[in-house]
Amino acid sequence: MATISFARGELAAAETAILTALAGQAVTLPRHLLAAKIFRAGGNLPAALQHCEQALALGRTPETLLEHARLLTALRDKGAVAAWRAVLAADVRSAEAKARLGRLLWEGGEIEEAVRWLTDAANAKAPASVWFDLATAREDLKDRKGAIAAYRKALSIRPDFAEAAVNLAIQLQEEGDMDAAMIAYGTAYKQKPATLGMIAMALTSAQTGRLWLDREALRHSLGG
């Protein structure tokens, strides 16, 4: 019943069913793992983590390791990096683990290793968010051309990714390609008009930028 209710998105019924199962039958790894997934879906992360750790105590399977890493990441727990490394030790092909580990390493300032993992994760099936993370990490390594390529890939997957368009424009501007930068800024503005202030700041702060004293003129230049 818990499995069926969870599959249907009936979280309250799923919680009741799994707790009844855990109270009335022998404790098993699959039951605790299902409980962890149900509680995570319902936003009760502490309860989810408790059940996940009980599942791990019964067996460190690839699925339990993956759920544990997801939970620690959601909880912003410092053990998340080690948890994703454990997932990769169990399944070196896990694109999710590579992407999550790369992101966490970047946040922690370990940029070179972050780029390695994110590069591995950025395959043909990777979502735009992975390419965006790779681009920002490459920026930190001063790999401007690599960052531009990754931002372009993110936008090819998700054309409405305004933040990627702004960042792409900034990198193009730094490269001195103002025509291409203005096109990217225009893309960002059309997708998200609230980026106008960010665009104006970027254009006036860089050595290769342009100065608009009139915001209406800037809007017009961006196609607004």
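Along the charge dipole of the chain, Cβ charges K/R +1 and D/E -1, which of Thr64, Val27, Val130 sits furthest on the positive end? Positive-most Cα among the choices belongs to Val27. A 1.4 Å probe run over the protein chains yields, for the chain, 53 Å² of accessible area per residue, whole-number rounding. Put a dot 7 Å past the Cα of Arg158, heading toward its Cβ, do the same for Ser205, and the two dots end up 2.3 nm apart.
When a 1.4 Å probe is rolled over the protein heavy atoms, the share of accessible surface on the chain that falls to carbon and sulfur comes to 54 percent. How high is the FRET efficiency between Thr3 and Ala74 when r is their beta carbon distance and R₀ equals 25 Å, given to the nearest 0.05? It comes to 0.70.
The angle between the Cα long axis of helix 29-41 and the longest principal axis of the Cα atoms of the chain comes to about 40 degrees, rounded to the nearest 10.
Exposed loop sites here are trypsin sites (Lys or Arg not before Pro) in DSSP loop states with at most 10 other C-beta atoms within 10 Å. What is the longest stretch of the chain lacking them? My reading of the result: 143-224 is the longest stretch. Distance between the 7 Å Cα→Cβ label points at Asp140 and Glu10: 4.6 nm. For the range 28-133, treating each Cα as an identical point scatterer without solvent, what Debye log10 I(q)/I(0) comes out at q = 0.21, 0.23 1/Å? Summing over Cα pairs of the range 28-133 leads to -1.05, -1.16.
Which value, in debye to the nearest 20, describes the size of the charge dipole of the range 42-114 about its Cα centre when Lys and Arg Cβ atoms bear +1, Asp and Glu Cβ atoms bear -1, and nothing else is charged?
That gives a dipole near 60 debye.
All Cα-Cα separations within the chain were binned at 5 Å from zero, giving a P(r) of 1, 7, 13, 13, 13, 11, 11, 9, 8, 6, 5, 3, 1, 0, 0, each value a whole percent of the pairs.
Can you tell which of Ala74, Ala165, Ala35 shows the greatest fluctuation in a Gaussian network model of the chain with Cα springs below 10 Å? Among Ala74, Ala165, Ala35, the largest GNM mean-square fluctuation belongs to Ala74.
What relative contact order, as a whole-number percentage, does the chain give when Cα pairs under 8 Å and 6 or more residues apart are counted? Provide the component values of the computation, followed by the final result.
Working: 287 pairs, mean separation 18.8, N = 224.
Over the chain, the number comes to 8 percent.
Dipole magnitude for the chain: computed about the Cα centre from +1 point charges on Lys and Arg Cβ and -1 point charges on Asp and Glu Cβ, it is near 360 debye.
Assuming 0.36 nm per residue, please report the length gained on full extension of the stretch Arg116 to Ser129 beyond their Cα-Cα distance.
Working: separation 13, 0.36 × 13 = 4.68 nm, distance 1.60 nm.
Extending this stretch completely gives an extra 3.1 nm.
The values are calculated or read from the model by the stated rules, or taken from the named source; none is laboratory data. Fair warning: this is a prediction, and the values are worked out from it, not measured in the lab. Methodologically, a virtual Cβ is constructed for each residue, glycine included, from the backbone with ideal geometry; neighbour enumeration extends over all protein chains shown. We work out accessible area using only protein heavy atoms, side chains counted, and drop any ligands, DNA or RNA first. Shrake-Rupley method; radii C 1.70, N 1.55, O 1.52, S 1.80 Å.
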